[in-house]
1. Has segment 215-227 got at least one residue that is within 28 Å of Ser128 (Cβ to Cβ) and touching an Asp or Glu at 6+ places or on another chain (Cβ under 9 Å)?
2. Condition test on Arg33, is it loosely packed, with under 15 Cβ neighbours inside 10 Å, modelled with pLDDT under 95 and basic (Lys, Arg)?
3. Name the residues in segment 40-62 that are more than 17 Å from Ala213 (Cβ to Cβ), part of a helix (DSSP H, G or I) and of a type in the set (A, V, I, L, M), would you?
4. For the structure I just gave you, tell me whether Glu90 is buried (at least 22 other Cβ atoms within 10 Å of the Cβ), modelled with pLDDT of 90 or more and among the acidic types (Asp, Glu).
5. Exactly one condition in (1) at pLDDT below 85; (2) within 18 Å of the chain's Cα centre (by Cα); (3) closer than 22 Å to Ala11 by Cβ; (4) surrounded by 15 or more Cβ atoms within 10 Å (Cβ to Cβ) is not met by Phe277; state its number.
6. Search segment 136-178 for residues being assigned to a loop (DSSP other than H, G, I, E, B) and acidic (Asp, Glu), and hand back the single one that is surrounded by the most Cβ atoms within 10 Å (Cβ to Cβ).
7. So, in segment 113-135, how many residues would count as being within 18 Å of Glu98 (Cβ to Cβ) and either surrounded by fewer than 18 Cβ atoms within 10 Å (Cβ to Cβ) or of a type in the set (D, E, K, R) (or both)?
8. Identify all residues within segment 167-183 that are farther than 17 Å from Ser215 by Cβ and at pLDDT below 95; write none if there are none.
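The values are calculated or read from the model by the stated rules, or taken from the named source; none is laboratory data. Please read these numbers as outputs of a predicted model, since none were measured by experiment. Heads up, the Cβs are rebuilt from the backbone with ideal geometry, glycines too, and the neighbour counts pull from every protein chain shown.
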Amino acid sequence: MLYSAGRAVDAVISRVWAAGVAGAGRLTPPVPRWVGAGGKCVMVIAPHPDDEVAGTGGTLALHRRAEDDTVVVHVTDGRGSRALGLGPDEMAARRHAEAETALRALGVTAWEWIGLREWDWADAEGVSALTRALAAHRPGVIYAPSRVDFHPEHRRVARALAAALATYTESAPAVRIYQVQVPLTRVLVNLVAPVAEVLPDTLRAAEEYASQAGSLRASLRLKQYAARSHGLAGGAEEFWEMSAGTYVALHAEVTEPPVHEAFRGFRRLSFTDPLAFALGRGERRHLRRLTESRRTDS
């Protein structure tokens, strides 16, 4: 009974935060809506198994409906999770199995399991593996990890992807940065995907990641906040779209945030959700200035 009461209170709190997000969204210009890849290959770079569902689950389902080929690349094996009391090897095997069934639920066309040992891989390994994945699939659109994320492995995979893209010789893909639990906010978001119609697909995929239920529940709140921000019903996924060259440039000048930028993501309960929006604000503004100066210089 206490658990049910706590969940009910939490739902009320998240609705209050959603109302505030909706009000702020009405003060900003409208954002372009998602479009498919026109039959080109779509690639999601996921630092951990479950990040693809958290950040792009609905969008992957939309690409499937648009008959785009989709490939998910899992870079690390997720062994660092402490959920369920499993040891590192057990957790890695568990997340591999969960990923397989989750991607089947989303109807993903292809799956690349790089599976580097989380927290125990060399930068060159990541760059080399991602370079091979790009060459094998030649994506027209890449959904990429966010530099505004609180998780060091997410930021590290983002840098590895940028290094791989810097030497990629095929036609340059469009890059859409996705958010997992740290919002990009309207400071950076320039593309939004309404995912209400395909939300059941996302929920089915999320259920397959039983070991990550808490973090995925939090990511679903972010989809709800995103929808309210853009005046949409049900759920939405937000992206920061840019050229591959811009993504490379954004990861060239700083490798880690300043010490005072204590990024953090959503927690299991919604009480502190505004902190996930507030922390990292300086980094978001810095990145916006970088992209604006890049456009000016070019």
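1. The answer is no, given that none of the residues of segment 215-227 is within 28 Å of Ser128 (Cβ to Cβ) and touching an Asp or Glu at 6+ places or on another chain (Cβ under 9 Å).
2. Taking the combined requirement at face value, the residue does not satisfy it.
3. Filtering segment 40-62 down to residues more than 17 Å from Ala213 (Cβ to Cβ) leaves 40-47, 56, 58-62.
From the residues that got through so far, the ones that are part of a helix (DSSP H, G or I) too are 56, 58-62.
The answer is Leu60, Ala61, Leu62.
4. Values: buried (at least 22 other Cβ atoms within 10 Å of the Cβ): no; modelled with pLDDT of 90 or more: yes; among the acidic types (Asp, Glu): yes.
For Glu90, the condition - buried (at least 22 other Cβ atoms within 10 Å of the Cβ), modelled with pLDDT of 90 or more and among the acidic types (Asp, Glu) - is not met.
5. (1)
6. For segment 136-178, the residue satisfying everything is Asp149.
7. 3
8. Initially, segment 167-183 is screened for residues farther than 17 Å from Ser215 by Cβ, giving 167-177.
Hits for segment 167-183 are Thr167, Tyr168, Thr169, Glu170, Ser171, Ala172, Pro173.
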